């Protein structure tokens, strides 16, 4: 388009505008596109003002035949074209009032602690003219695309306390792999746990990932596990509001959640003991809640624990006997370690395990109170070993002493 | 007091005697191999926190292979013990060795006497004139002379008994650890726990005994350093027999003297 034709079309548009305005008529999409359909149209600083018509037509707003001025509402009143360079920002709340209200409460709209707060608007996530429905695979907020959308800011621009590697950990998680590799759009993306419009800071008690809400947040997908968890000792205390009780993320970690079969998972067969003992070897917690400590030590001293330390996965770990999501106290008849169920529980690995499995206590190998026989054997051996080794060394010392002395005499 | 042993024309110092025959040497070598394997594949379980042992089992299936090796070595050790037992019962030499190795009261006295002889405390006191009258009246307490050993001295007898006793304990407890289901069908869990404890501590005891006691006596001891070769060639010289096993030496000497007398009687009737 050369300068002359531009002036001509400008005059033409101006004419139409004047006429339309006099009849109370606003500019149609075609009117806008007569200028904005030009790929070379640029603002004074050189920013492209081109609007891809195809993309807009494919967008949810294009398909609903929403006009340019429905969103760019301040153009409805303008009669002189070209219009001023600076327009009012689009207010999505005119139509999307509910979402806007939730958005207002979110961390994205609240003033940030940082010196230069970053305010997130609708367009930052949803795009502008090419907005699509969230279940459209092309949409920037479609579950599979969400991690990339969030990462636009959360990889570098936004600094968080845990460090930004914490956010990247999600990319290794089983949830992301399901999205990315398996294309399972139902797998958890950022918004599945953190929420969309109403996303809150993770430390906010109102957040969906807060201790108060995390069980239900995970339970939205893992329904059966939530039910199991709430039936177990941890879940029952959780309902009572006990603060020290483990929630999903305490064992499974947060962004880096892996399958329990993954070697690096915190709940991998050989690693689960370390996770449980974080609390179950804690003296303070033990005193407060009345459970026994040194669970890890007594487990490690057993063959199960020792073999597990060397990476053997076939031996029993905590979960093999105690269960996992619905762990119960041994007095609970439904507990796999209740005396009634022991032969069945042990029988999983030791076929034909009889009632003898229950005659004696686990986790107590050779302590004075729990297994007097083993304790006596241990003490006996320690004395015998100490005594014998001392005798050996004394005899050797005497022998060497004698040899050295006779050597001197002979020299 | 018997006279000090000097070289006799009947047993020259460079004469070679067979201390360990081929079967005995093979039994000993098998014992070394199986014992070492059992220690290497078993002891790490007692020290699971140590990094060296963890790196030993770094590769996949390592722990599984460890278990297999341990059991294979155990079976070979048992076969070895059965062989040794049959050998001891059914051969003349085996029976004679066994008779010699049975501990007697003399062995305890030997240990006591050689210890005080080596320390030399009483001789030192005597020289300094302390308790002179007591020592004059009871010269035994001066421990001036080394006790004389037979074919097997108290050290060797102790080691043999320790191996026998240790193997018995390890085989019984190990068998039940290998067959947990059977063990728990027969015994309550607390008894099985004792097997586990005993197996571990007996292993420690055996390991330390071998490393300290046996290694000193057959390797580091200045008399044999760097190593006594009897376990390889089975040979012992007349000189070694005279100095290390004087009672056996006397016995052989006595037999030869009698044989010589008999021969001379036949020659000159």
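The values are calculated or read from the model by the stated rules, or taken from the named source; none is laboratory data. Since this is a predicted model, take the numbers as computed values, not measurements. All Cβ positions, even for glycine, are placed from backbone atoms using ideal geometry, and neighbour counts span all protein chains on display.
Surrounded by 15 or more Cβ atoms within 10 Å (Cβ to Cβ) and part of a helix (DSSP H, G or I): which single residue out of B:25, B:71 fits that description?
Answer to the check: B:25.
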Check on residue B:41, over 30 Å from residue B:101 (Cα atoms), touching a helix residue (DSSP H, G or I) at 6+ places or on another chain (Cβ under 9 Å), more than 10 Å from chain A (Cβ to nearest Cβ) and touching a residue at least 24 places away in the same chain (Cβ under 8 Å)
yes
Scan the stretch B:38-54 residue by residue and report those that are in a loop (DSSP other than H, G, I, E, B) and surrounded by 15 or more Cβ atoms within 10 Å (Cβ to Cβ).
B:48
Looking at the stretch A:29-41, is at least one residue out of contact with any helix residue (DSSP H, G or I) (no Cβ under 8 Å at 6 or more places or on another chain), over 30 Å from residue A:120 (Cα atoms) and modelled with pLDDT under 85?
yes
Identify all residues within the stretch A:356-375 that are at the interface with chain B (Cβ under 9 Å from one of its Cβ atoms), touching a helix residue (DSSP H, G or I) at 6+ places or on another chain (Cβ under 7 Å) and over 16 Å from residue B:199 (Cβ atoms); write none if there are none.
A:356, A:357, A:358, A:359, A:360, A:364
Of all residues in the stretch A:180-197, which are assigned to a helix (DSSP H, G or I) and over 28 Å from residue A:100 (Cβ atoms)?
A:180
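So, in the stretch B:210-220, how many residues would count as being crowded, with 16+ Cβ neighbours inside 10 Å and more than 7 Å from every other protein chain (Cβ to nearest Cβ)?
Result for the stretch B:210-220: 4.
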What is the number of the single condition among (1) farther than 23 Å from residue A:381 by Cβ; (2) at pLDDT below 90 that residue B:193 does not meet?
(1)
Can you say whether residue A:117 is in contact (Cβ under 8 Å) with a residue 24 or more places away in the chain and farther than 30 Å from residue A:180 by Cβ, as far as the supplied structure shows?
no
Checking the conditions here, which among B:35, B:57, B:17 is touching a strand residue (DSSP E or B) at 6+ places or on another chain (Cβ under 6 Å), surrounded by 15 or more Cβ atoms within 10 Å (Cβ to Cβ) and either modelled with pLDDT under 95 or closer than 21 Å to residue B:173 by Cβ (or both)?
B:17
So residue B:185 fits all but one of (1) in a helix (DSSP H, G or I); (2) more than 11 Å from chain A (Cβ to nearest Cβ); what number is the exception?
(2)
Residue check, residue A:75 farther than 30 Å from residue A:257 by Cα and either within 27 Å of the chain's Cα centre (by Cα) or surrounded by 14 or more Cβ atoms within 10 Å (Cβ to Cβ) (or both):
yes
What about residue A:350, is it over 30 Å from residue A:222 (Cα atoms) and either touching a helix residue (DSSP H, G or I) at 6+ places or on another chain (Cβ under 8 Å) or away from chain B (no Cβ under 11 Å) (or both)?
yes
Kindly provide the set of residues from the stretch B:86-105 that are within 28 Å of residue B:37 (Cβ to Cβ) and either modelled with pLDDT under 95 or surrounded by 13 or more Cβ atoms within 10 Å (Cβ to Cβ) (or both), ordered by number.
B:87, B:88, B:91, B:94, B:97, B:98, B:101
What is the number of the single condition among (1) touching a residue at least 60 places away in the same chain (Cβ under 8 Å); (2) on the phi > 0 side of the Ramachandran plot; (3) within 11 Å of chain B (Cβ to nearest Cβ) that residue A:301 does not meet?
(2)
I'd like the residue in the stretch A:376-393 that is under 20 Å from residue B:155 (Cβ atoms) and within 8 Å of another protein chain (Cβ to nearest Cβ) and, out of all such residues, is surrounded by the most Cβ atoms within 10 Å (Cβ to Cβ).
A:392
Count, please, the residues in the stretch B:98-141 that happen to be more than 14 Å from chain A (Cβ to nearest Cβ), closer than 23 Å to residue B:244 by Cβ and in contact with a helix residue (DSSP H, G or I) (Cβ under 7 Å, 6 or more places away or on another chain).
3
